[in-house]
1. Using the structure shown, decide if ILE175 is surrounded by 10 or more Cβ atoms within 10 Å (Cβ to Cβ), touching a helix residue (DSSP H, G or I) at 6+ places or on another chain (Cβ under 7 Å) and in contact (Cβ under 8 Å) with a residue 60 or more places away in the chain.
2. Just checking, does the stretch 16-25 include any residue being on the phi > 0 side of the Ramachandran plot, in a loop (DSSP other than H, G, I, E, B) and at pLDDT below 90?
3. Just checking, which of ARG177, ARG164 is part of a helix (DSSP H, G or I), of a type outside the set (Asp, Glu) and more than 23 Å from ALA77 (Cα to Cα)?
4. Tell me whether the stretch 52-68 contains one or more residues that are in a helix (DSSP H, G or I) and not hydrophobic (A, V, I, L, M, F, W, C).
5. From the list GLY150, GLY155, GLY125, exactly one residue is closer than 27 Å to SER66 by Cα, at pLDDT below 90 and either out of contact with any helix residue (DSSP H, G or I) (no Cβ under 9 Å at 6 or more places or on another chain) or surrounded by 15 or more Cβ atoms within 10 Å (Cβ to Cβ) (or both). Which is it?
6. Pull up the stretch 97-115, narrow it to residues that are among the aliphatic types (A, V, I, L, M) and in contact (Cβ under 8 Å) with a residue 60 or more places away in the chain, then point me to the one that is surrounded by the most Cβ atoms within 10 Å (Cβ to Cβ).
7. Hey, can you tell me all the residues within the stretch 40-51 that are surrounded by fewer than 19 Cβ atoms within 10 Å (Cβ to Cβ) and not in a helix (DSSP H, G or I)?
Amino acid sequence: MIDKRTLDGAKRQRLAVARRRKSPFLCYPVCMTFKIYIDADACPVKDETYKVALRYGLRTFVVSNSFMQIPMSPLIARIVVNAGADAADDWIAEHVVPGDVVVTNDIPLAARVLARKAHAIAPHGRAFTDDSIGMALAQRALMEHIRSTGETTGGPPPFRPADRSRFLQVLDQSISRERRKRLLSEPR
């Protein structure tokens, strides 16, 4: 039996969630703990991210320019940065380490995250990769140029339930891939 006094808050939370779900993963090893960062100012999938993070027992940082309500959990932290165009992006880029997962719609932030060997996922379910980020940056620059000439663009399509489902699938795949990679690299 596990002595609860020796467990820290995050491990106790994972243990409680695992027991409620009757999960075979009762407590993830400390070496497997990577983090999730949410660029939260305009993120439509915060609630879904919280659920997945709690299921896997991952620390989650909700980074925004203003106060935002978050669930009460020792695994979820609110980070309010100074007002500014890229203050939240800068905070995330400074703190992300290889293997972390970042949920963002911001393509330049996704490029910075990929440069640090972390995972970047858009809320509509697109996983940014080293192969796709160059094209995404070029398309963003082209659309910015078109808008600066006065041309009216249609903007992004509305967020649909299929996007939410695709996001959950990509987030789960990214976390599973990182867990597998860490399990295989763990010394025996």
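1. Numbers: surrounded by 10 or more Cβ atoms within 10 Å (Cβ to Cβ): yes; touching a helix residue (DSSP H, G or I) at 6+ places or on another chain (Cβ under 7 Å): yes; in contact (Cβ under 8 Å) with a residue 60 or more places away in the chain: yes.
Yes; evaluated as a whole, the condition is true for this residue.
2. So in the stretch 16-25, the residues on the phi > 0 side of the Ramachandran plot come out as 22.
Those left that are additionally in a loop (DSSP other than H, G, I, E, B): 22.
Next cut, at pLDDT below 90 only: 22.
Yes; the residues of the stretch 16-25 include at least one that is on the phi > 0 side of the Ramachandran plot, in a loop (DSSP other than H, G, I, E, B) and at pLDDT below 90.
3. On the way: ARG164 fails: more than 23 Å from ALA77 (Cα to Cα).
Checking each option against the conditions leaves just ARG177.
4. Step one: list which residues in the stretch 52-68 are in a helix (DSSP H, G or I), which gives 52-56.
So of that shortlist, the ones also not hydrophobic (A, V, I, L, M, F, W, C) come out as 55-56.
So far as the stretch 52-68 goes, yes, one or more of its residues are in a helix (DSSP H, G or I) and not hydrophobic (A, V, I, L, M, F, W, C).
5. Values: GLY150 fails: closer than 27 Å to SER66 by Cα; GLY125 fails: at pLDDT below 90.
The conditions single out GLY155.
6. Taking the stretch 97-115 first, the residues among the aliphatic types (A, V, I, L, M) are 97, 101-103, 107, 109-111, 113-115.
Subsequent filtering for residues that are in contact (Cβ under 8 Å) with a residue 60 or more places away in the chain retains 97, 101-103, 109.
Details: VAL97: 10, VAL101: 26, VAL102: 29, VAL103: 26, LEU109: 22.
So the residue we want is VAL102.
7. ASP41, ALA42, PRO44
The values are calculated or read from the model by the stated rules, or taken from the named source; none is laboratory data. Owing to the predicted nature of the structure, the values given are computational and were not obtained by experimental measurement. We place every Cβ from the backbone using ideal geometry, glycine too, and count neighbours over all the protein chains shown.
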